[in-house]
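Have a look at the structure below before the remarks.
The values are calculated or read from the model by the stated rules, or taken from the named source; none is laboratory data. Everything numeric in this text was worked out from a predicted model, so none of it was measured. Here the Cβ is made from the backbone with ideal geometry for all residues, glycine too, and neighbour counts use every protein chain on show. Side chains are part of the model used for accessible areas, which takes the heavy atoms of the whole protein and leaves out ligands, DNA and RNA. Shrake-Rupley method; radii C 1.70, N 1.55, O 1.52, S 1.80 Å.
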Protein chains: 2
Amino acid sequence: MSRTPAVRRRGEVLEQAILDATWEEIQAVGFTKLTMEGVAKRAGTSKPVLYRRWADRTELIMACAVSRMPTVESVPDTGSLRGDAVELLTQLRDRMSAVGPIVIVTLVGEVTHYPTFRREFLHKFIDRLVELMNETVLDRAVARGEITESQLTDRLRRLPIDLARNEFLITGAIADEAIEEIIDQVFLPALHYRRNLPAEAAEPAPEPSPAPGDRRSERRGVTGATAGDREADAGRDLV
Amino acid sequence: MSRTPAVRRRGEVLEQAILDATWEEIQAVGFTKLTMEGVAKRAGTSKPVLYRRWADRTELIMACAVSRMPTVESVPDTGSLRGDAVELLTQLRDRMSAVGPIVIVTLVGEVTHYPTFRREFLHKFIDRLVELMNETVLDRAVARGEITESQLTDRLRRLPIDLARNEFLITGAIADEAIEEIIDQVFLPALHYRRNLPAEAAEPAPEPSPAPGDRRSERRGVTGATAGDREADAGRDLV
DNA sequence: CTATCTAAGATACTGGCCGTATCTTACGAA
DNA sequence: TTCGTAAGATACGGCCAGTATCTTAGATAG
């Protein structure tokens, strides 16, 4: 449990030891029951040392998660959109698995309470992935001639990431088959439908088949935005 | 703040008063800072009364959320798959908006820690929606002749719900436009692609276009399931 | 090697909240 | 009117957050 070393650690070394202890504490007692005192004892140090670095529990846990989540540097060119997309989702999966579903889910929850954290969290975890999707995977596919810019909408661009993230948040894992389903049953078919669309007449939906009396979208509900939540865009590309 | 009524309330009346107070307390101090003492005071009662009904904070909050979330009874027949799907997602959106993003997200987080809660939560909030999707919306579309059973996969069946849920968890809201994008840009096109597929040759993905050297799915990553999380299926249809 | 400065580590304290135990008292039922 | 049940008040032990204070290790400069 508590391991007070012979030598007094400092700076970087100490910090890493605390983050490791935090991680072990999460594994041992769980996220909700994690306490600063527990972490301090496990790290062989004391509370003030923790509070000198992180303002509270949430910050500590977030720092811990950040330190354990591998970064995605690039997506290798597999030669096809499909291959690249599978690769991207696989990396996303591996990143999130490295931290674990409980931490990720709880973090999303905790982070929702703190706009400040939320932005930092988003910046650290997500932006790179979305960039990779837009600027590497999709641009490459366009360059190859697999797709054209006109086939893409914002919604379609983030579709694979949205579905993979959702899979992980809800089920706690993403199987290889799930990745292939997302790409093969949803993403590529949805792109495929827009293959030869004229410039911007692309909007309306296809009739899947002879639809008898289609009086589309009659009723509207509440507007949805539960007021004062206009940092929605910031959250758009989470994880 | 505290409103101790002249008469001593009991049973149903008292319980509802406490749940109302819980809701007000969430609005007032936020989710994380909600305390049993605070709720008791606001409800004009005392802690033991709370603990006689709910074991802890999480149970109380969950009961509060359940009591405030309207149930979805049915999806009216709008005459088309598109209309029905929009209607279903709109109801889903309204249900979740009635409770609010912070509560939902935090609840998903808290619930992840407690397998028992998780199941109850899923049962109360989700099952009905998935049922409605499968047994009302899609069956009706098949009956109309808009689609055939062979076009459907499990993934496609829950696609709209997955995307809508994700939208809400991440951005905190679901705009009308988002619902239409989900249906028109993703769901219907993906279905459309499978329109005239032979029985089960449906699996492989479409080449979006002339793909040069497509050596598909070469590398595999970690298996994804972060061990011992085989209640994944239970979580599959969350919210 | 010594002086000095910084940060680690130990300890203690206030305050808040949890969860429970105990007692009194209002209300409903018979 | 009586009696049983549950509401409400109070109090308490315990844990933990977060801070203040003091001592001491060790890095660095001269």
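A few notes on this one:
- Within 10 Å of each Cβ in A:101-109, the average number of Cβ atoms from other chains: 6
- Heavy-atom accessible surface of the range B:81-195: percent carbon and sulfur, 1.4 Å: 50
- Length gained when the stretch A:Leu152-A:Gln27 is fully extended (0.36 nm per residue, less Cα-Cα span): 40.8 nm
- Sorted from closest to farthest, the other copies place their A:Gly11 label points 7.1 nm away, with each point set 7 Å from Cα along Cα→Cβ.
- Copies compared at A:Val72 - label distances in nm, ascending, label defined 7 Å from Cα in the Cβ direction: 2.9
- Peptide B:77-87 is shielded by partner chain Cβ atoms: per residue, an average of 6 of them sit within 10 Å of its Cβ.
- Whether the range A:1-89 is rounded, prolate or oblate, judged on the alpha carbon gyration tensor where a/c under 1.5 counts as rounded: prolate
- Across the range B:93-106, computed HN-Hα scalar couplings (Karplus, 6.51 cos²θ - 1.76 cosθ + 1.60, θ = phi - 60°) run 4, 5, 4, 6, 5, 4, 9, x, x, 4, 5, 4, 4, 5 Hz from first to last residue, x flagging Gly and Pro.
- With its label point defined 7 Å out from Cα along the Cα-to-Cβ axis, B:Thr32 lies at 1.7 nm from the matching points of the other copies, in increasing order.
- Within the range B:64-98: backbone nitrogen closer than 17 Å to the B:Val130 label point (7 Å, Cα to C-beta): B:72, B:89, B:92
- Each residue of the range A:137-152 was assigned a 3J(HN,Hα) from its phi angle through the Karplus curve 6.51 cos²θ - 1.76 cosθ + 1.60 (θ = phi - 60°); the sequence is 4, 6, 4, 4, 5, 5, 4, 5, x, 6, 9, 10, 3, 5, 6, 8 Hz, with glycine and proline shown as x.
- Note on the range B:11-68: with charges restricted to the Cβ of Lys and Arg (+1) and Asp and Glu (-1), its dipole about the Cα centre is near 140 debye.
- Buried accessible area, chains B and A (both chains, 1.4 Å probe, Å² to nearest 100): 7400
- The string of couplings for the range A:186-194 from the Karplus curve (6.51, -1.76, 1.60, θ = phi - 60°) is 10, 5, 5, x, 5, 5, 4, 4, 8 Hz, one whole number per residue in order, with x for Gly and Pro.
- In this simple spin-label approximation, B:Asp77 and B:Glu37 carry label points 7 Å from Cα along the Cα→Cβ vector, and these lie 5.9 nm apart.
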